[in-house]
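Reviewing the structure listed below.
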Amino acid sequence: MYKQFFMAALCAVGLAAAGCSKPDAGAAGGSARGGDNAPVRISVGSYNLNNLPFFIADAKGYFKDVGLEVKTENFAQGGSKVLQALVANSTDVAVGFYDHTIQMQAKGKDVVAFVLLSRNSGLVMAGREDATFDPARPQTIKGQKVGITAPGSSSDFFVRHFLAQHDIPVDSISLIGVGSGAAAVAALEQGKIDLLVNYDPAATLITERKVGKIILDARSDDGARQVYGGLYPTSVMYANQSFLDKRPEAAEKIARAEQMALKFIADNSAEDIVAALPDSYVSGDRATYARAVENARAIFTTDGHFTAADLETPLKVLREFNTDVAKANIDLSRTYTNAFVERAHAAAPAAQR
């Protein structure tokens, strides 16, 4: 179960991950051009397009441009694996989903998001053309094998939210971790799963290759409101509060590099965006991947800022099935900070804003 999965990660934290107070703008340190040049370990959980701003920042050398040495690791097994790495102190910064910060606060841990990359879910539920599940008849999901990126991931939450909304027990379906991208599409195509909850590029690959059809679509704002009741912020840069307290200049440099990447995404065609990526970041052929980028373009922020009202949606969803979150008095203001993106924006040359 979800709760047991996260207990393993939390046991690794020990006393070392005890939280500190949230930084205000003054605590965010000096300019991003300043003196913290020690390497930063950044881990990412998947190749889904929600994380595209990180891939662009890495591929375009923006971290180096702001004076930061970054060591990256891609687990390619879902954001929950990256969360485990963060709480075990085997990475400094995670590229993962915002809702993990809420879960950690419910466990008494201060994990803080400091750059918002994707302002909306980007998730879809797909099935083969002969799929028997019809969302207009929710009970038809019973008995289905549903592919998700990994247990405890936001794709897992998507499914659990749907079940909770319709009073369907979780044990009436089978949840199967299949990863993301081409591997996830292959699981659907080969009949290993009946339904797939995943992101672009998987969503576009499914339709382009005629593997199946999109059944529920939360890529657009209207789609997210239909599925969740509001926008569902997803991909963020997050870290333990202790890292942000000890290395505020590094956090500001990361924020600046991501703002450069977000501007590049906003200012360029999907084809040019894909051309900037190495093959290791591209699922399928580049033409199809470019169409996936175009389909997902609306989910990205322009400057990395969080909107407080939108953060209520993940909290509402988690409270439906996560007993720890449901029982906790969650203070959303402690799950994120705009301090670093604001300072990075102020320090940037006017032409780059």
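Full extension of the segment from GLU69 to GLN139, taken as 0.36 nm per residue of separation minus the current Cα-Cα distance, would add 20.1 nm. Couplings 3J(HN,Hα) of the stretch 152-168, computed from phi: x, 8, 5, 5, 4, 5, 4, 5, 5, 4, 4, 4, 5, 4, 10, 6, 9 Hz, in residue order, whole Hz [Karplus 6.51 cos²θ - 1.76 cosθ + 1.60, θ = phi - 60°; x for Gly and Pro]. Dipole magnitude for the chain: about 420 debye, using +1 per Lys or Arg Cβ and -1 per Asp or Glu Cβ, origin at the Cα centre. Computed about its Cα centre, the charge dipole of the stretch 124-228 is approximately 140 debye, with only Lys, Arg, Asp and Glu carrying charge at their Cβ. Between helix 2-11 and the chain, what is the angle of the helix's C-alpha long axis to the longest principal axis, kept within 0 to 90° and rounded to the nearest 10? The helix 2-11 is inclined about 30 degrees to the chain. Taking the square roots of five times each eigenvalue of the Cα gyration tensor of the stretch 45-185, the equivalent ellipsoid has semi-axes of 32, 18, 13 Å, listed largest first. Close amide H contacts of TYR232 (hydrogens built in the peptide plane, cut-off under 5 Å, sequence separation of 5 or more or a different chain): SER121. In this structure the amide hydrogen of VAL44, modeled in the peptide plane, comes within under 5 Å of the amide hydrogens of GLU73, ASN74, PHE75, VAL95, none closer than 5 places in sequence on its chain. For the stretch 124-228, list log₁₀ I(q)/I(0) at each q in 0.13 Å⁻¹, using the Debye formula over Cα point scatterers of equal strength and ignoring solvent, two decimals each. Log10 of I(q)/I(0), two decimals: -0.39. Near the amide H of ASP217, within less than 5 Å, lie the amide hydrogens of MET125, all on another chain or at least 5 residues away, with H placed in the peptide plane. If you take the Cα centroid of the stretch 315-338 and the Cα centroid of the stretch 188-244, the two points sit 21 Å apart. For the chain, the longest principal axis of the C-alpha atoms and the axis of helix 312-321 are separated by about 50°. Looking at the chain alone, DSSP beta bridges between its own residues are antiparallel in about 60 percent of cases. Annotation: peptides 239-245, 253-259, 263-269, ranked by per-residue average of other Cβ atoms within 10 Å with the highest first, follow the order 253-259, 239-245, 263-269.
Toward the positive end of the charge dipole of the chain, with +1 on the Cβ of Lys and Arg and -1 on the Cβ of Asp and Glu, the farthest Cα among LEU262, ASN48, ILE206 is that of ASN48.
Considering only TYR281, MET104, ASN295, and ranking their Cα positions along the charge dipole of the chain that arises from unit charges at the beta-carbon of Lys, Arg, Asp and Glu, the one farthest toward the positive end is MET104.
None of the figures in this text is laboratory data; all of them are computed from the coordinates on show. Computed from a predicted structure; not experimentally measured. Methodologically, a virtual Cβ is constructed for each residue, glycine included, from the backbone with ideal geometry; neighbour enumeration extends over all protein chains shown.
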